[in-house]
Amino acid sequence: MNYSILDDTRCIIGESPVCIGQCLLWVDAESDSIYRFNLKSKQTTQFHVDLPVTALAKLKPSGWLVGTKIGIYAMDEDFQFHQYIANPVEHFPTLRPNDGVASPAGDLWVGTMNSEELESPDGGLFILSRETLSLSKIDTGFSVANGIAFDKKRHLAYVSNMFKREVYQYQMDSSWTQVLNKKVIVKLPDEDGMPDGLKVDANGTLYICHWDAGLISTYRHTGQPFQRIQLPVKHATRCTFISNDKLAVTTASYEMGESDFQQLPLSGATFQVDLEDAVADTEFEFDSPLLSEKLNKINTT
């Protein structure tokens, strides 16, 4: 597999890449920065927001849902305005939101974690309803809930239980709100690091980014291993498609020392990986008329 650098900004934890049209956006989850890279002009714009951002999801018809360490916020296209929406763990001071991904149903799935004891199984998986803006819990027992991804055709959801080195496959009902079955689809050996961000293509192939291994591994929906893509980084964090045969991958330089950077100086950059036999799937959006109505009222007062 061939790879190249899309953007050489050294993120501490580059995360949550989302491709909309000709733009790729991602966050640095250990800063206040959101980046927008124009795939045509190759120019990057950095936005500083007054929030500890962790995740991005497109908001329909315009704007963004931004996951932060202190809750979920709605923001405009250029991240100048923000409005608090919800926090699934607001009454638990050691817990915080981590990942957030829009589902095929137009809801937002949110993973949480214990920010003081990462291996503690206090993390959970929640759905923010597009219809009511209320939160419901899907699953518990996560030592950092991460890497949410969806196979729309097969009604499958995938979530990483990071410090347990497991990836779960959920068979969902037609509404994408009820779990019909759950199983461990992948268990990583210690030498392969931990599962971080996930992505599914239109063929149902699962892409797993490996924290502490700089690796992307792929699996069939049956759990059968398919391919391995090694990048020259310490941590691969999440990936998304920028075309049928091209994958954008965020990486991290978190807690790397001088000797680490001598060996892996590109850690923290955002990469393009050229693929074969892949078919990009839809980038799902949070589709809530109720939220749109609330935001319109705020903007007109």
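The values are calculated or read from the model by the stated rules, or taken from the named source; none is laboratory data. Values in this document were obtained by computation on a predicted structure and should not be read as measured data. Cβ placement follows ideal geometry from the backbone for every residue including glycine, while neighbour counts extend to all protein chains displayed.
The residues on offer are Thr270, Thr282, and the sole one that is at pLDDT 95 or above, closer than 26 Å to Trp64 by Cβ and β-branched (Val, Ile, Thr) is Thr270.
When Ser217, Ser160 are screened for being in a strand (DSSP E or B), small (Gly, Ala, Ser) and under 23 Å from Gln263 (Cβ atoms), only Ser217 passes.
Based on what the data block shows, is Val144 touching a helix residue (DSSP H, G or I) at 6+ places or on another chain (Cβ under 6 Å), β-branched (Val, Ile, Thr) and under 26 Å from Asn181 (Cβ atoms)? Judged against the criteria, Val144 is a match.
Of all the numbered requirements in (1) crowded, with 22+ Cβ neighbours inside 10 Å; (2) in contact (Cβ under 8 Å) with a residue 60 or more places away in the chain; (3) not in a loop (DSSP other than H, G, I, E, B), Gly67 misses one, and that requirement is (2). Annotation: of all residues in region 204-217 being hydroxyl-bearing (Ser, Thr, Tyr) and either free of Cβ contacts under 8 Å to residues at least 60 places away in the same chain or out of contact with any strand residue (DSSP E or B) (no Cβ under 8 Å at 6 or more places or on another chain) (or both), the one that is surrounded by the fewest Cβ atoms within 10 Å (Cβ to Cβ) is Ser217.
Of all the residues that make up region 38-60, how many are surrounded by 23 or more Cβ atoms within 10 Å (Cβ to Cβ) and out of contact with any helix residue (DSSP H, G or I) (no Cβ under 9 Å at 6 or more places or on another chain)?
Here the count works out to 5.
Here is a yes/no grid of residues against (1) under 27 Å from Leu264 (Cβ atoms); (2) aliphatic (A, V, I, L, M); (3) not in a strand (DSSP E or B):
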site: Lys42; (1), (2), (3): yes, no, yes
site: Leu56; (1), (2), (3): yes, yes, no
site: Gly106; (1), (2), (3): no, no, yes
site: Met113; (1), (2), (3): yes, yes, no
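If you take the residues in region 129-139 that are among the hydroxyl-bearing types (Ser, Thr, Tyr) and within 16 Å of Gly100 (Cα to Cα), which one is surrounded by the fewest Cβ atoms within 10 Å (Cβ to Cβ)?
If we take residues in region 129-139 being among the hydroxyl-bearing types (Ser, Thr, Tyr) and within 16 Å of Gly100 (Cα to Cα), then Ser134 is surrounded by the fewest Cβ atoms within 10 Å (Cβ to Cβ).
Just one of the listed residues (Lys153, Lys183) is out of contact with any Asp or Glu (no Cβ under 8 Å at 6 or more places or on another chain), assigned to a strand (DSSP E or B), surrounded by fewer than 21 Cβ atoms within 10 Å (Cβ to Cβ) and at pLDDT 95 or above, namely Lys183.
Within region 96-112, the residues that satisfy the criterion of being under 14 Å from Ser160 (Cβ atoms) and out of contact with any Pro (no Cβ under 8 Å at 6 or more places or on another chain) are Asn98, Asp99, Gly100, Val101, Trp109. Only a single criterion out of (1) within 29 Å of Ser243 (Cα to Cα); (2) exposed (fewer than 15 other Cβ atoms within 10 Å of the Cβ); (3) more than 17 Å from the chain's Cα centre (by Cα) is not satisfied by Ile20, namely (3).
Summed over region 70-104, the residues that are part of a strand (DSSP E or B) and of a type outside the set (A, V, I, L, M, F, W, C) give a count of 10. Hey, can you tell me all the residues within region 186-203 that are surrounded by fewer than 10 Cβ atoms within 10 Å (Cβ to Cβ) and either in contact (Cβ under 8 Å) with a residue 40 or more places away in the chain or assigned to a loop (DSSP other than H, G, I, E, B) (or both)? Matches in region 186-203: Pro189 only.
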